[in-house]
Amino acid sequence: MMNTRAPKTEKRSDVLVIGGGPSGLRVAGRLAARGLDVRVLEKKAAVGRNVVCTGIIGKDVFARFGLDPGSIIQEIRDVRLVSPFGTILMYTHPRPFACVVDRETFDTGIAAAAESAGAAVSLGARVDDLTIERGGVRARAGTKEDGLSCYSAAMAVIACGVDIGLQKRAGLGYPRDFLQGAQAEVPARAGEPTTIFVGRNVAPGAFAWSVPAGDKARVGLLTKSDPTSLLRSLLRKTGAPGASCHRDEGEVRIRRKAIAQGLLPRTAGDRVLSVGEAAGQIKTTTGGGISYGLLCADLAAEAILQCFDRSSFGAEALAGYEAAWRKAIQKEIVIGYTTRRMCSRLSDRQVQSLFHLAQTDGIIPIIRETADFDWHSGLIAALLQRLSFLKHFRTVREAIAKNVLS
């Protein structure tokens, strides 16, 4: 139980950022670089520690956001897809299109940039209450050891992932649909490519993966329920080195995480906005959120700077942020969400037929020409056009058109 001693009072900041992941740290760094007094409140004892993430990032993210590439473990060019019945489809992109990173190094780099710009990062500061007041915001945070502290500011940025309590307190929207992710690290086999597994017995509703990351492989999956049991079954089926599920033989540590799906109705209000996973800014095809989170963090920072320029902090002043991020990625979220949900209804035999079709019917060239690791709508549209002779995919196209236009 958290220490219940009377909270200590901290000095007021211009902006409180709740959450020290990539999105929150990016916002903090951008604001501090423009002269604002910014404090990041991160519940963990170290930035980037024990993050449940595959760590695959689009190759161009580093140049686009000016990030240090020192966290890159290896690049991805080859992908192996495994059907429900074991059919293997190999795909080689013309050039490396993504890379695997060490998340602790990646996040620490963004934190160092934020601190160099002047942001203060408070670790071990779990926020358990956020109050929006007429003259600002007030957050209560602390640890069992140090007790509670009160932090106040003119504005707050909620960047604490899918922990939805603060969004509710601030009157913002919050994720209501989730996939459940599970992942383990096992020794990597030499020469193994990134592998994607599909099938109702493997990961119903989504997919599973094995991603080499140096001498380890990150093996995981997304599904609607019971991800731990499904992942243990996958580890046994693939014979992953060291993947024994018997405690006396050295049980693999499986870690879980909820992944938000779909658009949120409201991500900005009086003196507060949400960004990254907290705002549902997630690729609904793969569950990845780093690139979208960084993009929206920059948009959030610009909107906050305008608030300070105008000394106006109400919901109307932050409406531009809502409009900007929706213009940037709403189409991607809607198309990805609709396509994934529709495809989750396919039987294993229907999925198997798509594998055979890919081997014979020109789908691979479409992927090679239109695939982009972070922007999937172009590839999805091209594939749906090619597969429109199948009734199921006509239905997907119609549903996407309705959602995007409505």
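The values are calculated or read from the model by the stated rules, or taken from the named source; none is laboratory data. Computed from a prediction, not measured in an experiment: that's the story for all the values here. Using ideal geometry, Cβ is built from the backbone for each residue, glycine included, and neighbour counts are taken over all protein chains shown.
Hey, among Leu305, Leu383, which residue is surrounded by 15 or more Cβ atoms within 10 Å (Cβ to Cβ) and farther than 30 Å from Val275 by Cβ?
Leu383
Does Ala206 satisfy being in contact (Cβ under 8 Å) with a residue 40 or more places away in the chain, in the same structural domain as Arg232 (by TED's automatic domain parsing), under 16 Å from the mean Cα position of the chain (by Cα) and not in a strand (DSSP E or B)?
yes
Among Phe389, Phe373, Phe393, which is among the aromatic types (Phe, Trp, Tyr) and modelled with pLDDT of 85 or more?
Phe373
Which pairs have Cβ atoms under 9 Å, sit 6 or more apart or on different chains, and link a residue in segment 368-386 that is outside the structural domain of Tyr337 (by TED's automatic domain parsing) to one that is not in a helix (DSSP H, G or I)?
none
Taking Asp163 as the residue in question, decide whether it is part of a loop (DSSP other than H, G, I, E, B) and acidic (Asp, Glu).
Yes.
Confirm whether Thr108 is among the polar types (S, T, N, Q), surrounded by 17 or more Cβ atoms within 10 Å (Cβ to Cβ) and in a loop (DSSP other than H, G, I, E, B).
The answer is no for Thr108.
Which is under 26 Å from Arg26 (Cβ atoms) and buried (at least 19 other Cβ atoms within 10 Å of the Cβ), of Cys160, Cys150?
Cys160
Give me the pairs, please: first residue somewhere in segment 283-295 and under 8 Å from Ser23 (Cβ atoms), second residue anywhere and among the small types (Gly, Ala, Ser) and buried (at least 23 other Cβ atoms within 10 Å of the Cβ), beta-carbon distance under 6 Å, and either six or more positions apart or on two chains.
Gly293/Ser23; Gly293/Gly276
To keep it simple, each residue is scored yes or no on (1) surrounded by fewer than 22 Cβ atoms within 10 Å (Cβ to Cβ); (2) over 29 Å from Phe355 (Cβ atoms); (3) modelled with pLDDT of 95 or more.
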site	(1), (2), (3)
Pro227	no, no, yes
Lys237	yes, no, no
Ala240	yes, no, no
Ser244	yes, yes, no
Ala260	no, yes, no
Leu263	yes, yes, no
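Out of curiosity, is Arg12 of a type outside the set (Phe, Trp, Tyr), touching a helix residue (DSSP H, G or I) at 6+ places or on another chain (Cβ under 9 Å) and under 26 Å from Phe313 (Cα atoms)?
Spelling it out, it is not the case that Arg12 is of a type outside the set (Phe, Trp, Tyr), touching a helix residue (DSSP H, G or I) at 6+ places or on another chain (Cβ under 9 Å) and under 26 Å from Phe313 (Cα atoms).
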